[in-house]
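See below for the structure under consideration.
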Amino acid sequence: MYKHLIVNIDELWLKGKNRKHYFKTLREHVHLVIKAHNTEEKVRIKNDQQRLVAESETGFSKDCINSLAKVPGVSTVQPAISIEREKGLILPTIVEKLKGELGEKITTFKVRCKRVDKTFPYGSMDLQRELGHFLLKEFSQLKVDVRNPEIMIDVKVMQDNIFISTEKLKATGGLPVSSSGHVITMISGGFDSPVASYMMSKRGCKQDFIFFYAYPYVGEEVKEKILSICSVLGQFQKGCRLWVVPFGEIQNTIAKDCYEEYRTILFRKYMVETANLLARRVKAQAIVTGDALGQVSSQTMQNMSVMDKFSEKMILRPLVGFNKIEIIRLSQKIGTHDISVIPHDDACSLFSPKHPVIKADYVYMRNYSMEFDYTKLMEKALDESEVYRIDVLGECEEVIN
Amino acid sequence: MIYLDHAASTPVVESALNIYINSLREDFANPSAAHKLGKASMKKVERARLVTLKALKASKKDNLIFLSSATEANNLAIKGLDLSDTDRVHYSLGDHPSTTEPVKSLNSQLVEIPLLDGGIIDEDSFLGSLDKDSKLVVLSHVNNQSGNRYDILSLAKKAKDLFPGIHFHIDGVQALTKVDINLSDYIDSYTISGHKIGAPKGIGALFIKSGVELQIQLHGGGHEFGLRSSTVNTPLILSFCEAITVGLQDLDTNFSKVKKINSLIREELKNSNLGITFPFSLEDTSPYILSFLLPEISSDIVLRHLEMKNIFVASSSACSSKAKGFNAGFNAMKIDQSKHKFVLRISFSKETSADDVATFVKEISNIIKDIKRL
């Protein structure tokens, strides 16, 4: 196990005066994740210019490193060996490390040196050359490939020590959670909304998830599925919540009162309005949905713009220009795909009209809302919600009031 | 609360519960122990064994071993016969997985027992399918999903007249305390379970006809005549025995009473014109189980609407309810696959009252009307 991790930060170069706050937010998140894995010790995290350096007595597990790679705002995670600032120690350390790692498959390498502290008396280029030369001698199977090496040997000379690493995990990147606002993300069991959530995590949004639970038209297994999905999404958040809002009664009431072809879009309207009510309660600034333009009837240009009129908060649609296959690929990457594919009861299929409206009439919907005011029903549904707290590792726990 | 899922499990009978609690307190000694505490405990178990054999109208010479569940009993009987790969095993795909799955695990030749519409056995085809290599027939006495009640004695007699060496293993879980059981002849092994008749979970028994030899599946201390090693669970056995005794009182009267209730529900649901249909006739089934087809509404949805009214039913057998859409049992009973998810099962106890049934009929009618209006 590695005792040092170098956590490189994304987009920091874009920041100006808010840089300090940005750094602090990310550091807190990194700290929470490390603390969740290394429960037995106090891990030290140092700020080091463009990066954070974490140091553990017991070491960092593979799981911990993978969790850190999910933290938005982190660009890469490098597990590293730390040695004293002595040139003579560098080569033996690399040789020993490579002996354990080089299988028959690895034949090309590159050495990259960086002097973060320029007082080190040897230049980076010289060091690179020298180390490369000795490694070629030591390992007859190896050749240098500066463009596409199979193994990259990274040497970082710091103020107090030297870091050597051969692995660099690409992380989520983007902005630290909470650095760009708080949103309500509408989650369903499909592919789209979890990916939409991930996109907004990547852009630094703190999220409250809302799921409209159409019990008794759907069963417990759907709720379990949503919890599993949110458990994955929670790993890209710095602690978040899921609101399971009982919605069966509202859907049934709407279905009976409205034109059949308007059922789906009206369900959606009241979901968006309920999400707005929640946004007020938790002081969130926007609503996030998994809409992709033209994907289904409720996601036509006209229907989306009608929906915007009923939402007090801005509706963010990070997938609006995505093709389905692109969404599915992303869901595979973030780990929600295998949960989303599990078949589940869908209340909408029971209620779904034969010909759902694709160009909804705003006036009809407005008049409908004036005739049937469901605000109390929506508030009641929110009051009766089951709320789950989800920690940085994705563990869900119901909040009991 | 109206509980109409007795085929899945039952509330524990008061006297069986009391016996269980007292026995937990008193019969703590190991029944295999050499001291008098252990011996006293074993004596109670032996008495329970005889009472149970008598309840099954079996001979004292026959054997009955207590074990943890019907699944264990079926596995022991089916795998314990040690059949060869040329032996033929006849079984019904309409039956519970605790019989069909152990059968499928055998290397023998598997032959399906043909079923006709309504879940009844195509007797001529079945008898015609037997030959000299037929060594085992596995069948339930009462089917857990459709409620189909099979005349196992007549079937076994006819089969054995043709090929006397055939072993008849019957799963009697849904028959015990519901319909008459007579194991004096023709049946070679028979499974019963505690929690379906008002005993706690974790206890079942396997009747084994004298002369039948089974291969040991659980090796150890040699309990239960060497056939099933595991410390003998006196409290559960005594409680099970009590539930059987209580359950057998007024069997015929209860049967008639429940039959009336079953018939009443069928009639009222038919008269309400909701589009409910009954694929299994009352004459061919145990009155304690009634499965019907909802009018193109997923039974899960109706189940949850009913539970909101504190009425508990089953959308299909609890063991297979996770696999949605397709039900191997209904498939074997010739129910079109597109309709499997519309099957709702209600199952009664002798305590189910006319009031319960009236409430159930009223509520399910309202629910279906409400959903149909959509």
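The values are calculated or read from the model by the stated rules, or taken from the named source; none is laboratory data. Quick caveat: nothing in here was measured; it's all calculated off a predicted structure. Neighbour counts run over all protein chains shown; Cβ positions are idealised from the backbone, glycine included. With ligands, DNA and RNA removed, areas are computed over all heavy atoms of the protein, side chains included. Shrake-Rupley method; radii C 1.70, N 1.55, O 1.52, S 1.80 Å.
Can you return the lysines within cross-link range of B:Lys54? Criterion is Cα-Cα under 21 Å, with same-chain partners fewer than 8 residues away left out.
Counting by Cα, and skipping residues close in sequence, B:Lys54 has these lysines nearby: B:Lys43, B:Lys44, B:Lys178, B:Lys196, B:Lys209.
Tell me the label-point distance for the pair A:Met1, B:Asp161, using the 7 Å Cα-to-Cβ offset, in nm and rounded to one decimal.
Simple spin-label model gives 7.5 nm for this pair.
Under the rule a/c < 1.5 gives rounded, and otherwise a/b versus b/c splits prolate from oblate, where does the range A:1-158 land using the Cα gyration tensor?
prolate
Work out the FRET efficiency for B:Lys79 and B:Leu50 from their Cβ-Cβ distance, taking R0 = 30 Å, and round it to the nearest 0.05.
According to the calculation, E is roughly 0.65.
Using each residue's phi in the range B:72-87, evaluate 6.51 cos²θ - 1.76 cosθ + 1.60 at θ = phi - 60° and report the 3J(HN,Hα) Karplus result to the nearest Hz, with x for Gly and Pro.
Coupling constants for the range B:72-87: 5, 4, 4, 4, 4, 5, 6, 7, x, 6, 6, 7, 8, 6, 9, 5 Hz.
Give me the extension gain from A:Lys168 to A:Leu89: residue separation times 0.36 nm, minus the current Cα-Cα distance, reported in nm with one decimal.
That pair, A:Lys168 and A:Leu89, stretches by 26.3 nm at full extension.
A:Glu395 versus A:His355, label points 7 Å from Cα toward the beta carbon: distance in nm?
So the label points at A:Glu395 and A:His355 sit 5.5 nm apart.
For chain B, what class follows from the C-alpha gyration tensor (a ≥ b ≥ c being the square roots of its eigenvalues): rounded when a/c is under 1.5, otherwise prolate if a/b is larger than b/c, else oblate?
In terms of gyration-tensor shape, oblate.
Which whole-Hz ³J(HN,Hα) couplings does the range A:254-262 yield from phi under the Karplus relation 6.51 cos²θ - 1.76 cosθ + 1.60, θ = phi - 60°, glycine and proline marked x?
Those phi angles translate into 4, 4, 7, 8, 10, 4, 4, 5, 9 Hz.
FRET efficiency for B:Glu14 and B:Ser230, Cβ-Cβ distance as r, R0 = 25 Å, nearest 0.05?
0.35
Using DSSP, restrict attention to beta bridges with both residues in the range B:14-248 and report what percent are antiparallel, rounded to the nearest 5.
40 percent
Using the Cβ atoms and a cut-off under 14 Å, what net charge is assigned to the surroundings of A:Gln285, where Lys and Arg are +1 and Asp and Glu are -1?
Here the count lands on +4.
For the ranges B:158-165, B:182-189, what's the packing order if you count other beta-carbon atoms within 10 Å of each residue, average per peptide, and put the highest first?
By packing density, highest mean first, the sequence is B:182-189, B:158-165.
Just to compare against my own numbers: the Cα pair-distance distribution for chain A, 10 Å bins, whole % per bin, please.
5, 20, 26, 19, 13, 9, 6, 2, 0
Among the listed pairs A:Lys62/A:Lys206; B:Lys60/B:Lys132; B:Lys132/B:Lys157; A:Lys170/A:Lys333; B:Lys57/B:Lys259, which are separated by more than 22 Å between their Cα atoms?
Values: A:Lys62/A:Lys206 26 Å; B:Lys60/B:Lys132 31 Å; B:Lys132/B:Lys157 16 Å; A:Lys170/A:Lys333 12 Å; B:Lys57/B:Lys259 24 Å.
Long pairs (Cα-Cα over 22 Å): A:Lys62/A:Lys206; B:Lys60/B:Lys132; B:Lys57/B:Lys259.
Obtain the nm distance between the two label points defined at B:Asp252 and A:Asp257 by a simple spin-label model: each point lies 7 Å from its Cα along the Cα-to-C-beta direction.
6.1 nm
Calculate the translational D of the range B:95-136 in whole µm² s⁻¹ from Stokes-Einstein, where the hydrodynamic radius comes from the Kirkwood formula applied to all Cα pairs, the temperature is 20 °C and the viscosity 1.002 mPa s.
D, rounded to a whole number, is 184 µm²/s.
Relative contact order for the range B:164-269 using alpha-carbon pairs under 8 Å, separation at least 6, rounded to a whole percent? Walk me through the intermediate numbers first.
Working: 116 pairs, mean separation 25.3, N = 106.
Reported as a whole number, the value is 24 percent.
Is the range B:267-357 rounded, prolate or oblate when judged by the Cα gyration tensor, a ≥ b ≥ c being the square roots of its eigenvalues, rounded requiring a/c under 1.5 and prolate requiring a/b larger than b/c?
The shape class here is rounded.
Give the lysines reachable from B:Lys369 as a straight Cα distance under 16 Å; neighbours fewer than 8 places away on the same chain don't count.
A:Lys256, B:Lys270, B:Lys309
Select from the range A:66-122 those trypsin sites (Lys or Arg not before Pro) which occupy a DSSP coil region and have at most 13 other Cβ atoms within 10 Å, ordered by residue number.
Within the range A:66-122, the qualifying trypsin sites (Lys or Arg not before Pro) (loop, at most 13 other Cβ atoms within 10 Å) are A:Lys105, A:Lys118.
Give the lysines whose C-alpha is closer than 18 Å to that of A:Lys15, dropping any in the same chain fewer than 8 places away, or say none.
Output for A:Lys15: A:Lys24, A:Lys202.
Amide H to amide H under 5 Å from A:Ile210: which residues, 5+ apart in sequence or cross-chain, H placed 1.01 Å off N in plane?
Distant-sequence amide H within range of A:Ile210: A:Thr185, A:Met186, A:Ile187, A:Trp243.
What are the residues whose amide H is under 5 Å from the amide H of A:Asp48, where those residues sit 5 or more places off or on another chain and H is modelled from the backbone?
Those lying under 5 Å, H to H, from A:Asp48 are A:Val53.
What ³J(HN,Hα) values, in whole Hz, does the Karplus curve 6.51 cos²θ - 1.76 cosθ + 1.60 give for the range B:40-45 when θ = phi - 60°, with x put for Gly and Pro?
Karplus values, whole Hz, x for Gly and Pro: 4, 5, 5, 4, 4, 5.
Using a probe radius of 1.4 Å on protein heavy atoms only, what is the accessible area buried between chains B and A, both sides summed, to the nearest 100 Å²?
Looking at B and A, the buried total is near 1100 Å².
May I ask you to derive the FRET efficiency for B:Gln337 and B:Leu264 from their Cβ-Cβ distance with R0 = 35 Å, giving the value to the nearest 0.05? Intermediate results must be reported in sequence, preceding the final value.
Details: r = 31 Å, r/R0 = 0.88.
The calculated FRET efficiency here is 0.70.
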